[in-house]
Amino acid sequence: MAGTGQNTSRRAPENTKTAATTTEQADGQGIVLPRAISVKELADRLDVSPIEIIKRLMRNGVMATINQVVDYGAAAKVATELGFSVREEQAQARVKTTPPHLRFREDKEAQLQVRPPVVTLMGHVDHGKTSLLDAIRESEVAAGEAGGITQHIGAYQVDVRGQKITFLDTPGHEAFTAMRARGAQATDIAVLVVAADDGVMPQTIEAIDHARAAGVPIVVAINKIDKPDANVERVKQELADSGLVIEEWGGDIIAVPVSAKRRQGIGDLLENILVVAEVEELKANPHRRPQGVVIEAEMDKTRGPLATLLVQTGTLKVGDPVVVGTIWGKVKAMFNDKGKHIKRADPSTPAMVLGLDSVPRAGDTFLVAPDDRAARQLVSERQAKAEARARSLRLDDVYQRISSGEVKELNIILKTDVEGSIEPVRTSLEKLGTEQVRVRIIHAATGGITESDVMLAIASGAIIVGFNSRPEAGAKRLADAEGVDIRFYDVIYHLVEDVENALKGLREPTYTEVVEGRAEIIAIFPMGKTRKIAGTRVTEGKLVRGSMARILRGGEVVTQARIESLKHFKEAVKEMSAGFECGILFESFDDFETGDIIEGFRREKMES
């Protein structure tokens with residue numbers, strides 16, 4: 001098993017390795033290699049065929065397949081034979097103690113005290129995140145924790161040999177990133193839950209990318225080891241292929257086999273979380289005015305607004321004037337996750353609070369003001385900040401913000417129609433980095449652009465690039481509301497040229513795309529011997545005869561075609577608005593299916 005929590009100095013969990021971003025070739029033929037690397041990635045780094053790598057490894061007595069991971073020694077020997085000078089990658093130092101945004105100038109090292117880690121569970125749907133949380137909670141009750149039934153407040157604490165761990169009871173990277181999108185990062189450690197019988201899935205990759213984008217260390221819980229078809233070794237290999245190399249393979253990721261159903265491995269998982277927390281040296285100053293984040297909130301019929309606050313630094317007390325977002329109130333009462341009244345909440349402690357004048361949003365940050373007057377002033381300042389919040393990064397003003405020193409990285413979320421498009425687009429974009437700015441692909445996947453992608457873009461200040469990929473309706477609305485820049489391309493050259501020109505400040509006024517309407521194909525009717533008419537229901541905006549439209553299937557573009565004619569019953573019409581049904585005949589395209597989405601659009605020249 002990977003680690004039992006005995007060696008606390010074995011690593012500083014730099015789980016945020018971004019594939020080739022931190023280990024690109026150095027000057028000339030020099031190259032930096034990690035402690036462990038897959039054969040395929042080594043071939044990509046050295047720009048040779050994977051077969052050549054496998055042959056050379058065999059000559060050196062190492063038998064490996066294309067996806068197998070080899071250690072630094074074996075990889076370095078092959079690279080040296082190919083004429084490269086090699087050195088080993090050093091783990092990048094992480095910021096320990098309290099994050100800068102939670103520290104006041106009066107915080108000195110002597111004032112900082114060790115605090116419990118705050119943990120979020122992530123992973124693919126149905127891999128057992130909620131079941132694992134329940135097993136952890138019940139294990140504490142079984143161990144004799146007083147207090148009976150745990151009250152749902154969105155977070156809870158467990159005690160492991162006198163040390164506390166705080167779990168956020170909102171599993172999933174969507175909730176995690178929604179908080180980051182609002183300026184709050186509550187999580188210290190991410191537990192990636194992977195089912196032993198299912199392995200790494202698309203949402204697993206997505207969760208990894210979200211944790212990496214946040215710079216959060218990862219502990220892997222390989223769940224469902226009780227299943228007959230469980231294959232822990234296969235999961236470890238798939239994790240390595242995804243960039244998470246576990247410790248027993250020479251990496252720095254702790255992986256713990258568990259079974260939430262049979263309560264196996266829970267103790268080992270908790271011990272290893274504490275190991276990572278110890279290495280991270282999580283600290284806070286409990287003696288200053290408190291600050292933290294809202295985990296969840298609701299309006300109770302009898303008690304009024306209720307908010308679960310996670311204290312990140314300072315100590316929250318009954319009577320404190322609390323500012324949350326653009327509302328405030330005095331703390332009248334506090335309850336812990338056991339439903340008991342408490343008078344104070346230390347760093348990393350969740351508490352349900354009464355006394356706010358309205359319900360805040362989950363993810364809002366809170367502060368304790370010196371007095372009521374100061375609280376009102378803080379509310380006014382936050383309202384002003386909300387109105388003048390920093391605009392989202394757009395490709396058109398990248399150069400200006402690079403020149404001013406405002407932007408050091410151009411973060412990109414890449415969505416493509418097929419898997420084979422990801423690597424060539426990723427490689428082409430990452431080569432565009434300059435001394436002033438680095439191009440970083442923080443998430444790449446196939447399929448349509450989702451709300452989760454937009455939330456990640458908000459949280460990371462990223463631009464979304466769709467290569468033959470379109471946004472879902474909800475994602476488009478969210479992106480428009482939040483000012484997230486989404487760019488669409490169907491030719492790699494145009495995509496790369498646009499980004500390169502943006503970095504050099506050479507972008508000319510371009511054409512932007514305005515979506516006029518969307519419709520769903522609900523029936524198909526024959527027209528003559530060869531042609532077909534799409535029977536559709538317009539769901540948004542309007543469709544216009546003669547305009548261009550694209551046909552989407554499962555979020556991916558099937559084709560683009562001009563709308564030749566529109567008919568409402570038997571009457572030819574110029575346009576059809578939302579809520580109505582119509583028949584559509586496309587120019588030179590009849591291969592549509594029931595359930596396809598039609599997206600009508602026009603192109604407009606953007607003003608400089």
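The values are calculated or read from the model by the stated rules, or taken from the named source; none is laboratory data. Keep in mind that what you see is a predicted model, and the values were worked out from it rather than measured. Positions of Cβ are backbone-derived with ideal geometry, glycine not excepted, and every protein chain shown enters the neighbour counts.
Here are the numbers for this structure:
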item	result
Residues of region 543-561 satisfying the condition of being in a strand (DSSP E or B) and either farther than 18 Å from Arg470 by Cα or in contact with a helix residue (DSSP H, G or I) (Cβ under 9 Å, 6 or more places away or on another chain) (or both)	Val544
Condition check for Ala135: in contact with a helix residue (DSSP H, G or I) (Cβ under 6 Å, 6 or more places away or on another chain), modelled with pLDDT of 75 or more and closer than 17 Å to Ile253 by Cα	no
Unique match (being closer than 20 Å to Thr120 by Cβ and among the charged types (D, E, K, R)) among Asp229, Asp252, Asp241	Asp252
Residues of region 40-76 that turn out to be in contact with a helix residue (DSSP H, G or I) (Cβ under 8 Å, 6 or more places away or on another chain) and in a helix (DSSP H, G or I), as a count	15
Residues (modelled with pLDDT under 80 and either in a strand (DSSP E or B) or over 27 Å from Ser547 (Cα atoms) (or both)) located in region 504-532	Lys504, Gly505, Leu506, Arg507, Tyr511, Thr512, Glu513
Hits in region 356-372 - residues which are closer than 16 Å to Pro290 by Cβ and part of a loop (DSSP other than H, G, I, E, B)	Pro360, Asp364, Ala369, Pro370, Asp371
Lys532 vs. criteria in contact with a Pro (Cβ under 7 Å, 6 or more places away or on another chain) and outside the structural domain of Thr416 (by TED's automatic domain parsing)	yes
Residues being assigned to a loop (DSSP other than H, G, I, E, B) and touching a residue at least 40 places away in the same chain (Cβ under 8 Å) - total across region 580-606	8
Scan of region 459-472 for residues that are over 20 Å from Val499 (Cβ atoms) and buried (at least 21 other Cβ atoms within 10 Å of the Cβ), ordered by number	Ala459
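Every residue, every condition in (1) of a type in the set (Asp, Glu); (2) in the same structural domain as His443 (by TED's automatic domain parsing); (3) surrounded by 13 or more Cβ atoms within 10 Å (Cβ to Cβ); (4) over 34 Å from the mean Cα position of the chain (by Cα), yes or no:
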| position | (1), (2), (3), (4) |
| --- | --- |
| Gly474 | no, yes, no, no |
| Leu503 | no, yes, yes, no |
| Ala519 | no, no, yes, no |
| Ser547 | no, no, yes, yes |
| Lys567 | no, no, yes, yes |
